[in-house]
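Student: Input: one structure, supplied below.
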Amino acid sequence: MGHHHHSKNRLRRNALGLPEIVASTLANIAPAMSFYFGFATIVQGAGVAAPLTIAVAMVAILFLANTLAEFSRFHPSAGSFVTFIGRAFGPSAAAATSIFVVVGYITAASAVVVISGGWAQDALKTFLGINVPWQIISVLVAAFVGVLVSRGISLSTRWAGIFFIFELVLLLVGAVAMLIAHPASLTLAPLNPANLSGGLKGIGLGFPLAIYLFIGWENSATLAEETANPRRNVPRALILGTLAIGVLYIFLAYATEVGFGNDAKAVGASAIPYVDAIKASAAGMLFIAYLAGLTSIFSSLIGLTNSQARILFNSGREGLLPAFFGKIHPEHGTPHVSLWAFIGVALTIVLVFGRNIAPVDLFGDVGTLGTIPVIVTYLVTNLALPVYVLRHARASFSVLRHLVLPLLGVVMLALPLWGLVEPGQPAPFNVFPYAAAMLLLGSLIYGVLLSRRSPDLMSRIGSYVADAE
């Protein structure tokens, strides 16, 4: 295996420890951004007991985190899903996943690029009364993030971490202010299952969006090659990050509802419930809420570009995609071609489609469209785990960890996936399932043709084991 590996094809070893990869994950998830724009819709589905929907989503993501943690113990790789699915189902599946998941990720990333401009434009208007077109801000943000991530993984991860801590403190201060301002509303109503509107169906309605709040939980898996002791630290980061963000969301959801006097109708009718609750509880803190949103969007873009572009990079390096994606910067040790391609295409999507759509609407559109392939990939990865362990590590097969938990993960994902593709959705969402199906078909055809053309493809998939010499 190891004979054709030269260190020049390698990313920087031991550049990151457990705190850094957890920080990168939390930054990627971007709790402020996700919670600001997602919570109202979850409440519309679940009513006052919306925090419970978020708790169920956290459990669903923990099933997936177990799957990725197990894969990372056996075969830590910058290729993440592509490597894991390829090692289980063969080269065509790996090549197909390369295209399918990377296109999904880039589309979802364009949501963050558009909202960076939209939110900053809104902030400048609100506080300074000046109007800068959001497109200009989005271009500047994308360029700055591109420079930062190509300069080095430690540098950009440190910045993502600093921005995240800032965002976290602001969110918590705001939430505590809401609780202090409404002592009469401090009840257990938001945590009482009896208050789920429509019973279990209520959980279902907000569930796809609650899962969406957690997207980015898988960030640390692709950083395996640059992480010290990846077989121990990556699994830990996957579980820790998911738990930490879940607890944070449940607290924010509780505080926001208290800020609204537990009035689910009012929360559901608000565009950005957290910000409206701040206005009602501590109007002087409005600037802080906007700032938390800005740092959240910014650190998210750093975290997700770093992580997701590495899948593109690894597929280039292993010959699943064109080889130039596998280039590494001679000085900074970063996969600079993939990083710039990733952020460049995301920005292009935004500029092409953002001519006459409001940023918040475009955010919802491309975010949803990109999430469909990503959730399908999560699902296939859960199916891949038992196959992989039985094929490559039968001696350590555990019925619970390698069969029961992944299959529960598949069951839990079926609901949000159905929520994304069920018929009868308003335009443009009604077209997205067909777009995703066409992408899947195209990816599969590519995978089959490529594996026919290069018979040695299987030996290259996952050939860069993160901690191998």
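Coordinate-derived values only; no laboratory data. For clarity, every value in this text was computed on a predicted model and none was experimentally measured. Cβ: placed from backbone, ideal geometry, glycine included. Neighbour counts: every protein chain shown.
Student: Let me check against my output: what whole-number percent is the relative contact order of the chain, with C-alpha pairs under 8 Å and at least 6 apart?
Tutor: Across the chain, relative contact order equals 36 percent.
Student: Taking R0 as 22 Å, what FRET efficiency do you get between Val360 and Ile165 from their Cβ-Cβ distance, rounded to the nearest 0.05?
Tutor: After rounding, the FRET efficiency stands at 0.25.
Student: Shifting gears a bit: With runs of 4+ DSSP H residues as the only contributors, calculate the mean residue ellipticity of the chain at 222 nm using -39,500 (n - 2.57) per run, divided by the residue total and rounded to the nearest 500.
Tutor: -24500 deg cm²/dmol
Student: Need one number for the stretch 14-460: average projected area of the convex hull over its C-alpha atoms, nm².
Tutor: Computing the convex hull of the Cα atoms and averaging its projections yields 20.3 nm².
Student: Next question. How far apart, in nanometres, would the label points at Ile239 and Leu155 be if each is projected 7 angstrom from Cα along the Cα-to-Cβ direction?
Tutor: 3.5 nm
Student: Could you tell me which of Val258, Ala94, Gly246 has its Cα farthest along the dipole of the chain towards the positive end, charges placed at Cβ (Lys, Arg +1; Asp, Glu -1), taken about the Cα centre?
Tutor: Ala94
Student: Further question on the same structure: Quick check: from the Cα gyration tensor, does the stretch 316-469 come out rounded (a/c under 1.5), prolate or oblate?
Tutor: Cα axes put the stretch 316-469 in the oblate bin.
Student: Taking K and R as +1 and D and E as -1, what net charge do the other residues with C-beta under 13 Å from the C-beta of Gly303 add up to?
Tutor: -1
Student: Run the numbers for Leu124 and Ala435: contour at 0.36 nm per residue of separation, minus the present Cα-Cα distance, in nm.
Tutor: 108.4 nm
Student: To the nearest 20 debye, what is the magnitude of the charge dipole of the chain about its Cα centre, counting +1 on the Cβ of each Lys and Arg and -1 on the Cβ of each Asp and Glu?
Tutor: 1060 debye
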